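Heads up: the structure comes next, in structure tokens.
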Amino acid sequence: MNFREDDFIIRDFAFASGETLPQLRLHYRTLGEVRRDDYGRVCNAVLVLHGTTGSGAQFTRDSFAGELFGPGQLLDASRHFIVLPDGIGHGGSSKPSDGARMGFPRYGYRDMARAQHALLTEGLGVDHLSLVMGTSMGGMQTWLWGQIFPDFMDCLAPLASLPAEIAGRNRMIRKMIIDSIQCDPAWNAGDYAEQPPGLINAIHLLIVMTSCPRQWQKEAPSRAAADAFLAERIKAHAGLLDANDMIYQFAASEDYDPAPGLSKIKAPLLAINSADDQVNPPELGILEAAIGQVKRGRHVLLPIDDQTRGHGTHTLAAVWKHHLADFLTDDGLK
């Protein structure tokens, strides 16, 4: 498996906000090698997009790569060229914590998609994708990819996402996360020497937002176990997150509303959600109402069972990969 990790620099990147960054760095990982068809067009590239606060590194774990990218598997890296970028504001890509703090340009999901497109076309020489797929925020960006670049891909597979404006409880929790940081005097308008206590309050909300009641009851069946479970997760998040980065990461969803453009999506699309996802609860009926507007769209709702893990089911490929395999077989992944 040919693995590469590198940075791509986009010069004078113009954001939708009107701001410009002289050098926007996009960090990325690739597996495999590019293959072209008889006409010189790339015919084996797959783009995988991560969720809020995450990075492309999460797709190199056994729970994802070990189920999809290995020899003989669905997206075998010996046959496919797999691109795992870190979105703007995430991972090794340009972000507020690099030094600009709250002076960093305001970015949205559409900015992130345009930067990903530049990485592919200008940085990696990829002029076509066999598949765009993503989880959570990456799933939302997958819906946007189908609209902004409708002829660029053969198939789309958004996971753990809804094709609608962020509203209701989802929006409320995101705003509470941002407010938990910005209302903390120690945040100091982003000019702090160490992470403000408000970051821990934001992490509390993030944990609730992505919780999985059934499985967490099994993993933490006593008061002591629950306290230890929570402490472990807070510590893990706190070691990875920066307060300013987190503000930007959650504010980025404010430009997301694919609903008016669903009919522009040309490629076959499979949306996969799980019934225990607290971020995208199925009782809202949003996906079922919207999927009919996608000409070649279909959806799967995974029932709650011992394998599902709420919103986190999106990175447990063993749970849903057979649905993706059926879809790609039907619609001809090259």
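General observations
- Residue within the range 295-304 that is part of a loop (DSSP other than H, G, I, E, B), open to solvent by 10 Å² or more (accessible area, probe 1.4 Å) and within 26 Å of Arg174 (Cβ to Cβ) present: yes
- 3 or more residues open to solvent by less than 10 Å² (accessible area, probe 1.4 Å) and under 24 Å from Gly56 (Cβ atoms): qualifying helices (runs of 4 or more DSSP H) within the range 121-224: 137-148, 198-209
- Some residue of the range 314-327 being open to solvent by less than 40 Å² (accessible area, probe 1.4 Å), under 23 Å from Lys218 (Cβ atoms), in contact with a Cys (Cβ under 7 Å, 6 or more places away or on another chain) and not hydrophobic (A, V, I, L, M, F, W, C): no
- Condition met for Ser263 (part of a helix (DSSP H, G or I), open to solvent by less than 10 Å² (accessible area, probe 1.4 Å), at pLDDT 95 or above and closer than 25 Å to Gly292 by Cβ): no
Each row is one residue, and each column tells you yes or no for (1) part of a strand (DSSP E or B); (2) in contact (Cβ under 8 Å) with a residue 24 or more places away in the chain; (3) farther than 22 Å from Met153 by Cβ; (4) out of contact with any Gly (no Cβ under 6 Å at 6 or more places or on another chain).
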| position | (1), (2), (3), (4) |
| --- | --- |
| Arg11 | yes, no, yes, yes |
| Gln23 | yes, yes, yes, yes |
| Arg29 | yes, yes, no, no |
| Tyr39 | no, no, no, yes |
| Leu47 | yes, yes, no, yes |
| Thr53 | no, yes, yes, yes |
| Gln58 | no, yes, no, yes |
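- Here the condition is being closer than 25 Å to Arg114 by Cβ, surrounded by 20 or more Cβ atoms within 10 Å (Cβ to Cβ) and in contact with a Phe, Trp or Tyr (Cβ under 6 Å, 6 or more places away or on another chain); of Pro268, Pro258, it holds for Pro258 alone.
- Only one of Gln23, Gln58 that is closer than 23 Å to Leu129 by Cβ and in contact with a strand residue (DSSP E or B) (Cβ under 9 Å, 6 or more places away or on another chain): Gln58
- Residue-level check: of (1) at pLDDT 95 or above; (2) over 28 Å from His237 (Cβ atoms); (3) not in a strand (DSSP E or B), Met1 misses just (1).
The values are calculated or read from the model by the stated rules, or taken from the named source; none is laboratory data. Owing to the predicted nature of the structure, the values given are computational and were not obtained by experimental measurement. Glycine also receives a Cβ, built like all others from the backbone with ideal geometry; neighbour counts cover every protein chain displayed. Note: areas computed on protein heavy atoms with side chains; ligands, DNA, RNA excluded. Shrake-Rupley method; radii C 1.70, N 1.55, O 1.52, S 1.80 Å.
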